[in-house]
Structures are given as C-alpha cells and as structure tokens.
Amino acid sequence: MSNEAASRATQDVDAHTRVGRTFWGRLSNWSPYRALMGLVTASPRRQFLILAIFPLLWVLTQHLGPMLQMVRVSLTDAYPVAPGVEQHFTLDNYARFFGDQIFWQPFFRTLIFAGGFTFCTLILTYPVAYFLARHVSRKNQMLFLLLLLIPFWVGEIVRTYAIMILLGNTGALNLVLQSLGLIDRPIPFMYTSFSMGVGIVYLTALYMLLPLYSALEKLPRSYNEAAADLGAGAWTRFRRVTLPLTIEGISSGCTLVFLISTGFYATPVLLGGPSTTTFAETIAGFFHVAGDEWPTGAAFATIMFFAALVLTAVFQKLMNALRKGDTK
Amino acid sequence: MNRGNRILLSCVYWAFVLYVFVPLILMILMGFKDSKFIGFPIKSWTLDWYTGIFADAEILSTLGYSAAIAVLATLISVAVGTWIAVLLEGRKFWGRTAIFGMTVLPALVPGIISAIAFRIYARYLGIEPGMGAIVWAHAVHNVPFVVLVVMARLSTLPKSQLEAARDLGADPIIAFLRITLPYLVPAILGASIFCLLLSFDDFVRSFFLGGYEPTLPVLIFAKLKSGMSPEINAIATVALVLTAAIGIWAERFTRRMNKDTKA
Amino acid sequence: MTDQTPLVRIEGVSKHFGDTVALDNLTLDIARGEFVTFLGPSGCGKSTTLRILGGFERPTTGRVILDGQDVTTQPPEKRQVNMVFQDYALFPHMTVGQNISFGLELKGMDKTSIKRRSDEIMAFLELDAFGDRYPAQLSGGQRQRVALARALAPDPALLLLDEPLGALDAKLRGQVQQELKSIQRRTNKTFFFVTHDQEEALTMSDRIVVMNKGRVEQDGTPEDLYFHPASRFVAEFIGETNLLSGEMRGHDGDAVVMDWFGQTLRGHAPAGAPPEGAPITASVRLEKLGFHASRPETGNAVQGKVVGKTFLGSRMAVDLMVEEAQGATLRAFVDAETGQTVGADPVWIGWDSDSMAVLRD
C-alpha cells in the first residue's frame, strides 16, 4: 500500500518535472531518442547515408523504374503474362512500327505538328513577354503577369472544351464572322489541324511565356540604351542585342512546349479529326483493347520518348552554338 | 518610334489577354443557356444546369473523389520532394547530378508516355487501377515541382542558421524541424497549391490509371465524347472557379509570406 | 576557478580540404578564463580552427581535448561550446526571448528555470526591453548582443566568436570591443575570438595567436607581438613598422649585431639568431625612433634627412632618408610639435637595441 503511494509520489514528481520542460527539451533528453540520434550522428558519413538512402531508392524505383519497366515490356512478346505462357525476348514490336504506314505516319505528324505549334507559340508570346518585361513598371509586372496566369490554372479538359465552343460550327467565331457578313456559311474549323493547333497553343502558351519573361526581365535595360547610343535602330537593337541574349529563355521555353505538345492525348482526341491522328492516340489504342497489345504500346511509347529526347537535345545544342556564335 | 512600339506591344498584350480569357468566358456563358443545344446565339438564360449538377449525387461524389486524390497525392509529393530537396541543395557528393536528373525526369516525360509507363509499372507492382494508382502516379509526377520550389527557397537559408541550432544543442532532426521547416513554409505552401491544381486538373494519368470511378476531368471527357451539353459547361465552370480561386488565393498568400520573411 | 589544467588542448590538428591544407599540425593549449584571439588574413586557418572547436569540421588528423575529454568526433550539439556567428545567425521566426531560450530548452531545463536564466542574461546584457521583439526589429548592435546572450545562456565552457564585430560600423565597433572585454572579465569565461583586424585583437586579447597559411606565426601577449615580432609576417601584419634588411654579423652579449648598408646596429632575436653572414631583416616600430640634436650616447643611431611629413592629428609621421646607408628610408612617429620643428637640417635618429627585433623569414 505505502509502496504504491510512494511510487505514485515519485511518478508525480517525474511527471511534474517532465511537464515543466518544453516539448523539445523532453524530446532531446528522452533516452531512447538520444540513443537513436547518437547512432545517427556517430559519423558524418552515416548521417549522410541515412539522409540519402530514401531519396535514392525513391528516384530509382519511382522515377526511373516506370521508364525502365516500359522499355523492358517493349522487348517482350506478351504482357501481362498469362499463367502457363512463357515470355520471350523480341524486337517485333519495334519492327511493327516501321512496317505499317498507319503507325509511322502519326508519329512524324506528331513531331511536325509539335514543332510547328511550338514555333507559333514562340511568335505569339515573345511580344507579350517583351511588353511585360520592358514596358510595364516593375510594380505592375506581377499584376499583369497574374492576369495571364489565372486562365492557366484551369485544367486541360476544360480549356479544350472552351476552344470547342469557340470554334464550333455554331461557335462564337463563326457567329461573329457571319454577323459581319464575311462568310455565308460557317467554316468547319473543328476536327482539323487548325483547331488542334489553336487548342495546343492555348494550352502551352504559359510554358513559353514564363521562361521568355524571366530571360527578358534579367536583361539590363542599359544594354539596349548602349546599343541605341551607338546608333543602332530599334530592329537592329532587337536582332543584335535582345534576341541573342534571350536565346536561353527561348531554348528552354521551346523545349518545354515541344515536350508537352507531343504528350497531349485528350486535346487531339477532342479537337482533331481522322486526318490529324497523333501518335499519342495510336499509343493509347494499344491500351484500350486486350492486354496482349501492351508490349507494342510500350515499344511505341519508347520510340516517342527517345525521339522527343533526341530532338530536344539536338535543338538545345543548336541554340547553344547559336548563342556562342553570336557572342563571339 | 519608341512610343509607337509601346502602343503596338500593349495592343499585342491585351489581344493576348483576350485570347486567353474569351474562350473561357464563352464556355461559362454557355452554361447558362436555356437549351440543350450548344451554340450561339444564346436567346434565353437559366440556372437549371447548375441546380441539376448540384442535385446529382454522381457529380458531387466525383468532385469529392478528385479532391481526395489531389490532397493525398499532394501530401506524398510534398513530404518526398522536401526530403529530396534537403539532400540535393547545397551538398556536393558523388552522383548528385545523376540523382538530380532522375528527380526531374517525371516532369519532362510527355504526358501520354508518362501515363503509359505508370500504367505498366502499376501492373508490375500489383496496384489495381483506381484511387490508389491515381494517387501514386500523381504523387510521383508532382515530386519534381516540389523539389525545384523547395530547393530554390532552401538555397537562400544561410548555412549558419542550422549551425547555430546545432551549436545550441539541437540534433539534426530537431534543427530541421525548428529552423529549416519554418523557413520553408512559404515554399511548401506554394508547392502544395501547385500540386493540388496539377493533380485536380490532370486528365491523362487519371484516365489511364483510373478504375470505374472517374475523376472530374475524366468525367467531363467522357460526357464530351457522348455529346456536348450545357450541363458539361456548368460542371466545367465549377471546376474552373474552384481551381482559379485556389490559385489566386495561393498567389496572394505566398507573396505575402515572402514579403514577411524578407523584412 | 583555479584549475591549472588547460581548458582546451589542440594536439597536432591538421585539416585538409581536398589538396589544400587549411590547418597544418596545430598544437596549442588554451587556459581557463583566457581571452585568446586568432589573428590572420583570410584563408590562414583561423576560421577552420574555430569550426573544429565548435564541432562543425572534423580534423583530418590530431585530437581536440576539452576539459580533459576527447571531443574530436563529437557533434556540435554535444559540446559545452557555444558560438557567436559572423552574421549572428539569429533565428528570424523567433523573438529575442525565444532565441535565448533555444539552447536552454534543449538542455532539458524546466520552464521556470529557462525563464529565470534568460531574464538574468538579458538583464546582464541590457536586453530586458527587447524580449518580445523579432531580430528584424533590432539594430546591428542589439542583434550582436542578442547573439552573445544566446551563446552565453547555456553557460558554455568555451565561447567562440567568429569576427562578430565585422558587421558593425567603426564607431560602434570601438564601444563593443570594450563591452566584450568587460563581459569576458565579469563572466570569467574562456573566449576564443577570430578576426583579421589587428587593432581589434590588440585591444581585447590576453593572448594573440597570429596565423598564416595554416601555421602559427607567433603566439604571445599583444605587447609581445607588437614590440617583439618574431617574423616578417607578424611585423607587417600588426601595426606599421620599419623593416631593415641587412646581414648578420655576430653577438654582443644578449644583443645581435647586424650590418645595415654599412651601419652597425644592435637588436635582439626573439625567434633565435641566424648564422653569421646570413641575410636578415629587422623590425623597429615607428614610435620607437627618437630625434636628437646630437648623436645619442647609447643604442643605435644614424643621421637622416627629412624627406616628407604626414600630419595625423595627435602625431606626425616623418619620412627620413639615411644617406650613409645608401639612401635607405625610415619612418618615425613623433608628436605633432616635434614634427613641425624638424626641417631641412639632418637629424640624429636613435633607438634602443631592445626595440629592434631580428625576424624569422
């Protein structure tokens, strides 16, 4: 009885002193935690390994893993493997791509479209970025930029749908053209490469605008003033000073927009027609039907990925060479 | 000359503003049209489409489903991304470039390829199509954005801050929780909002990894395939208002936080 | 405390960063209650030493012993050592009070003791009024005091100060130097101070260790270093001095005899005398040179011609050319009145053999 009371009393004292400490004080003096941290901090090397092991495993298994698995599946004859069936290594899935026009035509079409749309986006957004960086006071720049950002928070599908309403046969554009008397009958904008282009440019413009804006904004205005001082006209100033010094922004904006454009699936499905089938739609086709088409789909996705990667790498090299050539 | 340029450029800017806003405004207007037929002109107006969707249990549950996916995926991305950022920022070690490259990889893979790769990998890991698979794919896809934002903020934390904490008796974990984490709050909030929007708006990954229950963009897509209707406009408008509101609020909030910590 | 064992013992410590040697085999004791300053240009190894003592770097070789305990591999949080950082490193999201309590909390003190101790230290450093302010709301001098309070609060055995006055303006710096010295006396703590500013070092320290290229150049009291520099580096780094290049001739009792362009001069060699015939450099401080109307009886004397004068307020710097020594020049500090009277006529310049030190190169 008295023992129990005594132990309760000491517990109370303990509880009291423990309550008296702050949370961090209690934690850092709690012996199991101390022992654990002692082990962790025993050497800088061990501390680093404990910090590094999870990120390393994560990027290997979650970031690289899916890509590697895709490549692996593309080299097999059946996936998912049905019970009792043996899986074989094969290159047939890649051979299929070159064997049929129905496959490689959308592939080249996608790359050409993506390149073209990227160029259009660049032409469209460069003056906007230039205006923002050069002609808007620093105080208002964020406001003007924010105004453009708002629509880009809206999702891909909603914005694609908005373009459908704009370009439909009874859409706003045809209505305006008709009421102006420019056309008698609605122009069928929809389900063409035009509608697809308008949609894709609409979706990607921001990814071009932001790198351009930050490149232009970093450029000191004094460069242009110096050029003007030396007698360069507006066009010469732009071509000889501004453009070469913003090549980095152009290059990263184009790379981003190109990669994003090649990856669109819903937009071409909704805005394009039979004559504009993209490779994304071709690839997706293999995943809608029975599972034994997966390896082919994986092979096509792999081809697409490496083609996009090689093209952007070549493009960046070219832009780099251009920049160096200009600064010489 | 300069003045002329300026006027010309400002016209281009405002034309661009029209270009990005007009389609959305038209889309919103169409949701109030009192007719099942999509197209201009709009002769009479109604709110029936909105009362319809708010009475539709399926649409409401889809909204909740999308939001739940976005929140879960964001929590994972932020935790993992912050950890990776802490490892990569301000440290030199063998293989750093390789790890950084692998970190940003999911952000660079074109959408359809990323969706296919996740679809195959989910099968390989034994994750059934559905909520778990979508959350996982969104989380992985969004990690690079968190890493980049958090690294940018972390690079401005003076090294002496952590050293001072260690010096005063904080072990690495307590120093992280009491010094680094509070400093990162604006970046983490900004990255979270960005992830929430990316995940909520994502179509292609949700489409290929989803089960029978659609997310909001997948639902809109499916309805669109079976024909346009002002009902879709109403749903899309709700999604638009939600995302734009979160975006604007986040922009203001992070800017205020940044201003506070700069002082 | 009358404990005679050194508080800190640095034993053969080296630190390599890749191929560069930041610290080369340093061995040193620091006594309890001492104000030691590590002085030298950037990259001399002084900051590396400080960081090794703080636990932020591990030495490549050697040991660090603190209060009889080997702490070489101990992380900073386990050491009874606190630091005042160059940029103060105050936590911006915590108030002054929270900053000061930070170390106390982690020691596991209860809330009442934390309050008592932080109030005490804030009163001691006259920070009582600022407890609820954030660092951003304080002036540079106040921040510096908060950093000091935060480091002193957990009652460290050793306090490290990493150029803590660098961010203050010149006027405030002088005042803070006095304050720091008096705080060190009143707390009787061991201060390890790192700076590249020789004036700061001379004003505050009990002992100065001059570092260069990862090695100790000289270790002694401020007076020692100033008047008896052992090496050319120390002579040039601390204060202004006349450097006389000559040749070693021999000994005369305790004194060393040298030849300076045909003039025979006597000095002393704190770092040991070089062999006869070796080329040597000697240093004599500007204020040690005196002007005489006729050749002084004792000590060194040469005759010189005034070639320039610089007025410095309370005193004057006079440049002299010694024709007999192949036109070599000397510079002397004299009070302003004497400076005004010397003129066209040659004067005798005299100095004690004690005030001229033969240097190690």
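The values are calculated or read from the model by the stated rules, or taken from the named source; none is laboratory data. Keep in mind that this is a model prediction, so the values were computed, not measured. No Cβ is skipped: glycine too gets one built from the backbone with ideal geometry, and neighbour counts run over all protein chains shown. These accessible areas exclude ligands, DNA and RNA; they are computed on the full protein's heavy atoms, side chains included. Shrake-Rupley method; radii C 1.70, N 1.55, O 1.52, S 1.80 Å.
Could you tell me whether any residue of segment C:17-38 is of a type in the set (D, E, K, R), open to solvent by 70 Å² or more (accessible area, probe 1.4 Å) and either at positive phi or more than 14 Å from chain B (Cβ to nearest Cβ) (or both)? So that I can check it myself, show each step before the final result.
Of the residues in segment C:17-38, the ones of a type in the set (D, E, K, R) are C:19, C:24, C:29, C:32, C:34.
Filter again for open to solvent by 70 Å² or more (accessible area, probe 1.4 Å), leaving C:19.
Then drop every residue that is not either at positive phi or more than 14 Å from chain B (Cβ to nearest Cβ) (or both), which leaves C:19.
Yes; the residues of segment C:17-38 include at least one that is of a type in the set (D, E, K, R), open to solvent by 70 Å² or more (accessible area, probe 1.4 Å) and either at positive phi or more than 14 Å from chain B (Cβ to nearest Cβ) (or both).
Are any residues in segment C:242-273 open to solvent by 30 Å² or more (accessible area, probe 1.4 Å) and part of a strand (DSSP E or B), and if so, which ones?
Matches in segment C:242-273: C:Leu243, C:Ser245, C:Glu247, C:Arg249, C:His251, C:Asp252, C:Asp259, C:Gln263, C:Thr264, C:Arg266, C:His268.
If I ask for residues that are touching a Leu at 6+ places or on another chain (Cβ under 6 Å) and of a type in the set (Lys, Arg), which ones from segment C:294-335 would you list?
The one that is touching a Leu at 6+ places or on another chain (Cβ under 6 Å) and of a type in the set (Lys, Arg): C:Arg331.
Test A:Thr262 against the criterion of being over 30 Å from A:Arg221 (Cβ atoms), in the same structural domain as A:Tyr223 (by TED's automatic domain parsing) and not hydrophobic (A, V, I, L, M, F, W, C), and give yes or no.
Details: over 30 Å from A:Arg221 (Cβ atoms): yes; in the same structural domain as A:Tyr223 (by TED's automatic domain parsing): yes; not hydrophobic (A, V, I, L, M, F, W, C): yes.
Answer is yes for this residue.
Can you tell which of A:Tyr161, A:Tyr202 is within 10 Å of chain B (Cβ to nearest Cβ) and farther than 18 Å from A:Ala129 by Cβ? Lay out the reasoning, then the answer.
Details: A:Tyr202 fails: farther than 18 Å from A:Ala129 by Cβ.
Every option except A:Tyr161 fails the conditions.
Assess whether A:Ser31 counts as being exposed (fewer than 12 other Cβ atoms within 10 Å of the Cβ), on the phi < 0 side of the Ramachandran plot, small (Gly, Ala, Ser) and modelled with pLDDT of 85 or more. Spell out the reasoning first.
Values: exposed (fewer than 12 other Cβ atoms within 10 Å of the Cβ): yes; on the phi < 0 side of the Ramachandran plot: yes; small (Gly, Ala, Ser): yes; modelled with pLDDT of 85 or more: yes.
Against the criterion (exposed (fewer than 12 other Cβ atoms within 10 Å of the Cβ), on the phi < 0 side of the Ramachandran plot, small (Gly, Ala, Ser) and modelled with pLDDT of 85 or more), A:Ser31 qualifies.
Looking at (1) surrounded by 14 or more Cβ atoms within 10 Å (Cβ to Cβ); (2) closer than 19 Å to B:Ile113 by Cβ, which is the one condition that is false for A:Leu219?
(2)
Check B:Ala239, B:Ala191 and return the single one that is crowded, with 20+ Cβ neighbours inside 10 Å, of a type in the set (Gly, Ala, Ser) and facing chain A (nearest Cβ under 10 Å).
Details: B:Ala191 fails: facing chain A (nearest Cβ under 10 Å).
Going through B:Ala239, B:Ala191 in turn, the sole match is B:Ala239.
Residues in segment C:202-238 that are open to solvent by less than 10 Å² (accessible area, probe 1.4 Å) and in a helix (DSSP H, G or I): how many?
Residues flagged as open to solvent by less than 10 Å² (accessible area, probe 1.4 Å) and in a helix (DSSP H, G or I) within segment C:202-238 amount to 4.
Just to be sure, is A:Ala129 crowded, with 22+ Cβ neighbours inside 10 Å, closer than 23 Å to A:Ser195 by Cβ and within 13 Å of chain B (Cβ to nearest Cβ)? Please lay out each step first, then the result.
Numbers: crowded, with 22+ Cβ neighbours inside 10 Å: yes; closer than 23 Å to A:Ser195 by Cβ: no; within 13 Å of chain B (Cβ to nearest Cβ): yes.
Against the criterion (crowded, with 22+ Cβ neighbours inside 10 Å, closer than 23 Å to A:Ser195 by Cβ and within 13 Å of chain B (Cβ to nearest Cβ)), A:Ala129 does not qualify.
It is to be established whether one or more residues within segment C:16-30 are within 23 Å of C:Leu180 (Cα to Cα) and within 23 Å of the chain's Cα centre (by Cα).
To start, the set of residues in segment C:16-30 that are within 23 Å of C:Leu180 (Cα to Cα) comprises C:29-30.
When the remaining residues are screened for being within 23 Å of the chain's Cα centre (by Cα), the result is C:29-30.
Checked against the condition, which is being within 23 Å of C:Leu180 (Cα to Cα) and within 23 Å of the chain's Cα centre (by Cα), segment C:16-30 yields at least one hit.
Anything in segment C:306-344 that is among the small types (Gly, Ala, Ser), under 26 Å from C:Phe261 (Cβ atoms) and either assigned to a strand (DSSP E or B) or touching a residue at least 12 places away in the same chain (Cβ under 8 Å) (or both)? List them, or say none.
Answer for segment C:306-344, where residues must be among the small types (Gly, Ala, Ser), under 26 Å from C:Phe261 (Cβ atoms) and either assigned to a strand (DSSP E or B) or touching a residue at least 12 places away in the same chain (Cβ under 8 Å) (or both): C:Gly308, C:Ala317, C:Ala325, C:Ala328, C:Ala332, C:Gly339, C:Gly343, C:Ala344.
Name the residue that is surrounded by the fewest Cβ atoms within 10 Å (Cβ to Cβ), counting only residues in segment B:1-29 that are facing another protein chain (nearest Cβ under 8 Å) and over 26 Å from A:Val201 (Cα atoms).
Out of the qualifying residues, it is B:Met1.
Just name the residue that is surrounded by the most Cβ atoms within 10 Å (Cβ to Cβ) out of those in segment C:61-87 that are part of a loop (DSSP other than H, G, I, E, B), touching a residue at least 24 places away in the same chain (Cβ under 8 Å) and away from every other protein chain (no Cβ under 13 Å).
Start the filter on segment C:61-87 by keeping residues that are part of a loop (DSSP other than H, G, I, E, B), which leaves C:67-68, C:71-75, C:79-80, C:85-87.
From the residues that got through so far, the ones that are touching a residue at least 24 places away in the same chain (Cβ under 8 Å) too are C:67-68, C:79-80, C:85-87.
Narrowing further to those that are away from every other protein chain (no Cβ under 13 Å): C:67-68.
On the way: C:Asp67: 16, C:Gly68: 10.
Per the criteria, the residue is C:Asp67.
So is B:Ala191 in a helix (DSSP H, G or I), free of Cβ contacts under 8 Å to residues at least 12 places away in the same chain and closer than 30 Å to B:Arg123 by Cα or not? Steps first, please.
On the way: in a helix (DSSP H, G or I): yes; free of Cβ contacts under 8 Å to residues at least 12 places away in the same chain: no; closer than 30 Å to B:Arg123 by Cα: yes.
No, not satisfied.
State yes or no: is C:Glu57 under 22 Å from C:Leu7 (Cβ atoms), open to solvent by 10 Å² or more (accessible area, probe 1.4 Å) and within 14 Å of chain A (Cβ to nearest Cβ)? Quick ask: steps written out before the conclusion?
Working: under 22 Å from C:Leu7 (Cβ atoms): yes; open to solvent by 10 Å² or more (accessible area, probe 1.4 Å): yes; within 14 Å of chain A (Cβ to nearest Cβ): yes.
When the stated conditions are applied, C:Glu57 passes them.
Applying the selection to segment B:64-85, what residues are under 28 Å from B:Pro158 (Cβ atoms) and more than 7 Å from every other protein chain (Cβ to nearest Cβ)? Break it down into steps so the answer makes sense when it comes.
Step one: list which residues in segment B:64-85 are under 28 Å from B:Pro158 (Cβ atoms), which gives B:77-85.
Correct list: B:Ser77, B:Val78, B:Ala79, B:Gly81, B:Thr82, B:Ala85.
Is it true that some residue in segment B:195-205 is at the interface with chain A (Cβ under 8 Å from one of its Cβ atoms), in a loop (DSSP other than H, G, I, E, B), in contact with a Pro (Cβ under 6 Å, 6 or more places away or on another chain) and free of Cβ contacts under 8 Å to residues at least 24 places away in the same chain?
So far as segment B:195-205 goes, yes, one or more of its residues are at the interface with chain A (Cβ under 8 Å from one of its Cβ atoms), in a loop (DSSP other than H, G, I, E, B), in contact with a Pro (Cβ under 6 Å, 6 or more places away or on another chain) and free of Cβ contacts under 8 Å to residues at least 24 places away in the same chain.
If you check C:Ala147, C:Ala170, which single one turns out to be under 22 Å from the mean Cα position of the chain (by Cα) and free of Cβ contacts under 8 Å to residues at least 24 places away in the same chain? Can you show your working first?
Values: C:Ala147 fails: free of Cβ contacts under 8 Å to residues at least 24 places away in the same chain.
Residue meeting the stated conditions: C:Ala170.
Can you tell me which of A:Arg72, A:Arg138 is over 20 Å from the mean Cα position of the chain (by Cα), within 17 Å of A:Thr302 (Cα to Cα) and open to solvent by 60 Å² or more (accessible area, probe 1.4 Å)?
Working: A:Arg138 fails: within 17 Å of A:Thr302 (Cα to Cα).
Selected residue: A:Arg72, the only one of A:Arg72, A:Arg138 that is over 20 Å from the mean Cα position of the chain (by Cα), within 17 Å of A:Thr302 (Cα to Cα) and open to solvent by 60 Å² or more (accessible area, probe 1.4 Å).
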